[in-house]
Amino acid sequence: MSKKLLSIRNLKVNIEDKEILKGLDLNIGHGEIHIIMGPNGGGKSTLAYTLMGHPRYEITDGEIKFEDQLINDLSADKKAKKGIFLSFQYPEEIPGVTVEEFLRTAKSSITGEQQRIIPFRKLLKEKMELLEMKEEYANRYLNLGFSGGEKKKNEILQMSILEPKLAILDETDSGLDVDAIRIVAEGVKRLHNENNSVLVITHYHKLLDYLEPDFVHILLDGKIVKTGGIELAKEIDKKGYENIRQEFANK
Amino acid sequence: MVKWKRIGMDLTFPNVPKYTKDFINDMGQPLNIKIYEPSDDISPQGFLGLGNEFLEHIDNNYNSGFTLHVRRRDKIREPIRVEYIMNDENPTVVDKNIIKVDEDSEVTVIIDYKTISDTKAFHNGITKVYAKENSIVNIIKIQRMNESSFNFDSNVAIVEGRGKVNWISVELGSSISGANYTTFLDGEASEGYLSSIYFGDGNRKMDISYSMIHRGPRSISNIDTKGVLMNEARKVFRGNLDFKKGARRAKGNEEEYVILLDPKVKSDSIPGLFCEEDDVEGNHAASAGQLDKNKLFYLMSRGLSERDAKKLIVEASFRPIIDSIPSDELREEINLEVERRFANV
Ligand SMILES: Nc1ncnc2c1ncn2[C@@H]1O[C@H](COP(=O)(O)OP(=O)(O)OP(=O)(O)O)[C@@H](O)[C@H]1O
Ligand SMILES: [Mg+2]
């Protein structure tokens, strides 16, 4: 068995016939934390959606392997069952379905075991306390009327209930106040262990200070153009993407 | 044989045999319920129901029905349940129900039409409500006949000053189903509300028409409809807000939201707004569409299959109306029925 949890080779993805990812390579091992940074419109969310299996994103070339299995064509629910989770940049609102009901249904689907109401409620309560979320959110409709920050916290709540092997966080830190960033980072660290890996898409390095990533990648114009350690993130923070853009253009 | 224009089909009314099943379920207390007698009848002016042929057929052939008279200041807490059950021995229900509610009183009646065998059943009926001053009348109608049955149901209410009629309609069954609800808001500050859900699957054809006819000043109406169509179901929805002379400062509102789960369904919505007075307010909103792809993806990314994700969204849109039905047992049965219809998505 290979040590890789996720391996992406030469991935090309179209949205409505426009190529967005243009031959992207990325490997994530068990228990690693990876960061992807990159300018707006570079294709970060496209990568996240494609990994999760959004039907609008068409893979035209390359392969995505998860635990050595090709998962290019799997639907989102099958990918979720394999242990992939996406914290959405813009979580959807679902009126009429409460957070608790939804998560109990989701947990039942993913584990294949019907979650009983009382033990599940206890689990949910525990996880919510850890994320400093008020109990009453369990009975609110999923994301309906939640503030931007509350939606992001709710994504992390879902992650900690579903316990994925690979959690992809698409700008989960955007719009969070400093305390919320710390709480989210702690949530991510609790999930992270020698088996579970995390892929964080972010523009800021605040979250990185907590997370101690193994790798930082720069995604530019549909490709990973540079990989390094935390120092790369610091450099971007200071100098922006212009240097890298030029370096890459000269190649 | 009559040509039923709305759906574009020919219809032959069957012979109407006796109906022998008991249809009043809950007569624990000495209510003034008796089996319908012609002398109890009320005939609202200008009421057409599903059409004259249907009304005449009922008048000439009714085989069941009841009259309920609630006296002044009587507030009946427990809902009265009426079940018209159809099976091989009793395949035909032609019912005439009359509910008279006097001043300052209150009552809830649940009328349920269902088949318990796969016999081709036929229902053509009318329910007439007369709500006097300051009364509250809640009528819950559930139609869950099997896929080969015909259902035709006309409903009318006359509401006097400060009276309030709340209709809840749940339409889940039949191969052909016509439902008309007409509410005459005659009195000053009278109120008429209609909340409904409908589920069209298989080859069902549905004709749904609701009218709120405002005659009283400051009368208020609201129509709130949630529908789902799948497979090759077809539906025509007409929602009319009709402000007659004298309905000064009346307000009416209607909304219909329908989710289309398959490309072969057909959904027509025809809202109508008629005003003989200037000083009125009428609003309507309608939307028909596929499930939002991004919402579906969001739910599926949490492990729900496409079917379960769709089911969750549909159930969520039905929930407020189902939850307002005052019977745990019926709510449960309706939820199961909706679930069952998702089995072959
Ligand atoms: N549904 C869509 N239809 C058309 N173009 C799209 C669609 N979604 C994304 N794009 C385009 O694809 C490109 C990449 O978008 P993507 O959302 O992946 O960028 P991003 O790196 O996540 O940016 P940001 O940092 O702003 O979140 C953009 O040019 C965007 O306009
Ligand atoms: Mg993005």
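Apart from one condition, A:Glu186 fits all of (1) in a helix (DSSP H, G or I); (2) free of Cβ contacts under 8 Å to residues at least 40 places away in the same chain; the exception is (2). With the requirement that a residue be in a helix (DSSP H, G or I) and either touching a Lys or Arg at 6+ places or on another chain (Cβ under 6 Å) or over 18 Å from A:Leu176 (Cβ atoms) (or both), what does region A:128-145 give you? Correct list: A:Glu129, A:Glu135, A:Glu136, A:Ala138, A:Asn139.
The set of residues from region A:146-175 being within 16 Å of ligand 2 (Cβ to nearest atom), assigned to a helix (DSSP H, G or I), charged (D, E, K, R) and away from chain B (no Cβ under 13 Å) comprises just one member, A:Lys152. Being surrounded by 20 or more Cβ atoms within 10 Å (Cβ to Cβ) and touching a Lys or Arg at 6+ places or on another chain (Cβ under 9 Å) is the requirement here; does B:Ser64 meet it? Considered against the rule, which asks whether it is surrounded by 20 or more Cβ atoms within 10 Å (Cβ to Cβ) and touching a Lys or Arg at 6+ places or on another chain (Cβ under 9 Å), B:Ser64 comes out as yes. Restricting the search to helices (runs of 4 or more DSSP H) fully inside region B:239-345 and requiring at least 2 residues that are farther than 22 Å from B:Asn180 by Cα and open to solvent by 60 Å² or more (accessible area, probe 1.4 Å) gives B:306-323, B:328-341. Among the residues of region B:154-171, those identified as open to solvent by less than 10 Å² (accessible area, probe 1.4 Å), part of a strand (DSSP E or B) and under 21 Å from B:Asp41 (Cα atoms) are B:Ser154, B:Asn155, B:Val156, B:Ala157, B:Val159, B:Val165, B:Trp167.
On inspection, B:Pro217 fails the criterion of being modelled with pLDDT under 95 and surrounded by fewer than 23 Cβ atoms within 10 Å (Cβ to Cβ). Taking the conditions (1) more than 16 Å from the chain's Cα centre (by Cα); (2) modelled with pLDDT under 95 in turn, B:Gly161 satisfies each one other than (2). Of all residues in region A:42-54, those that are under 17 Å from B:Leu299 (Cβ atoms) have Cβ atoms under 6 Å from Cβ atoms of residues that are more than 6 Å from ligand 1 (Cβ to nearest atom) and of a type in the set (Gly, Ala, Ser), 6 or more apart or on another chain, in A:Met52/A:Ala76; A:Met52/B:Ser301; A:Gly53/A:Ser75; A:Gly53/A:Ala76.
Yes or no, residue by residue, for (1) without any contact (Cβ under 8 Å) to a residue 12 or more places away in the chain; (2) small (Gly, Ala, Ser):
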site: B:Lys266; (1), (2): no, no
site: B:Gly282; (1), (2): no, yes
site: B:Ala286; (1), (2): no, yes
site: B:Leu296; (1), (2): no, no
site: B:Gly303; (1), (2): yes, yes
site: B:Ala309; (1), (2): no, yes
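Number of residues in region A:77-98 that are outside any strand (DSSP E or B) and within 16 Å of ligand 1 (Cβ to nearest atom) equals 5. A:Met133 meets each of the listed conditions (1) within 16 Å of B:Lys295 (Cβ to Cβ); (2) surrounded by 19 or more Cβ atoms within 10 Å (Cβ to Cβ) apart from (1). For region A:27-60, filtering for residues that are away from ligand 2 (no atom under 11 Å from the Cβ) and on the phi > 0 side of the Ramachandran plot leaves 2.
Taken over region A:30-50, the criterion of being buried (at least 23 other Cβ atoms within 10 Å of the Cβ) and within 14 Å of another protein chain (Cβ to nearest Cβ) is satisfied by A:Tyr49, A:Thr50. Restricted to region A:79-127, and to residues there that are more than 9 Å from every other protein chain (Cβ to nearest Cβ), at pLDDT 95 or above and within 20 Å of the chain's Cα centre (by Cα), the residue that is farthest from A:Leu191 (Cα to Cα) is A:Val99.
Taken over region A:187-205, the criterion of being within 16 Å of ligand 1 (Cβ to nearest atom) and in contact with a helix residue (DSSP H, G or I) (Cβ under 6 Å, 6 or more places away or on another chain) is satisfied by A:Ile201, A:His205.
Note on region A:161-186: residues that are away from ligand 1 (no atom under 16 Å from the Cβ) and open to solvent by 60 Å² or more (accessible area, probe 1.4 Å) amount to 7. Taking the criterion of being open to solvent by 10 Å² or more (accessible area, probe 1.4 Å) and at positive phi, would at least one residue in region B:199-214 satisfy it? For region B:199-214, residues open to solvent by 10 Å² or more (accessible area, probe 1.4 Å) and at positive phi: present. Within the option set A:Ala185, A:Ala180, being touching a Leu at 6+ places or on another chain (Cβ under 8 Å) and either away from chain B (no Cβ under 14 Å) or β-branched (Val, Ile, Thr) (or both) holds for one residue only, A:Ala185.
Across region A:1-29, the number of residues qualifying as away from chain B (no Cβ under 14 Å) and within 16 Å of ligand 1 (Cβ to nearest atom) comes to 14. Scanning region B:281-298 for residues being touching a helix residue (DSSP H, G or I) at 6+ places or on another chain (Cβ under 7 Å) and more than 7 Å from chain A (Cβ to nearest Cβ) gives a total of 2.
The values are calculated or read from the model by the stated rules, or taken from the named source; none is laboratory data. All of these numbers come straight from a predicted model, not from anything done at the bench. Positions of Cβ are generated from backbone atoms using ideal geometry, with glycine treated the same way; all protein chains shown enter the neighbour counts. The protein model used for the area step is the full one, side chains on, heavy atoms only, and it has no ligands, DNA or RNA in it. Shrake-Rupley method; radii C 1.70, N 1.55, O 1.52, S 1.80 Å.
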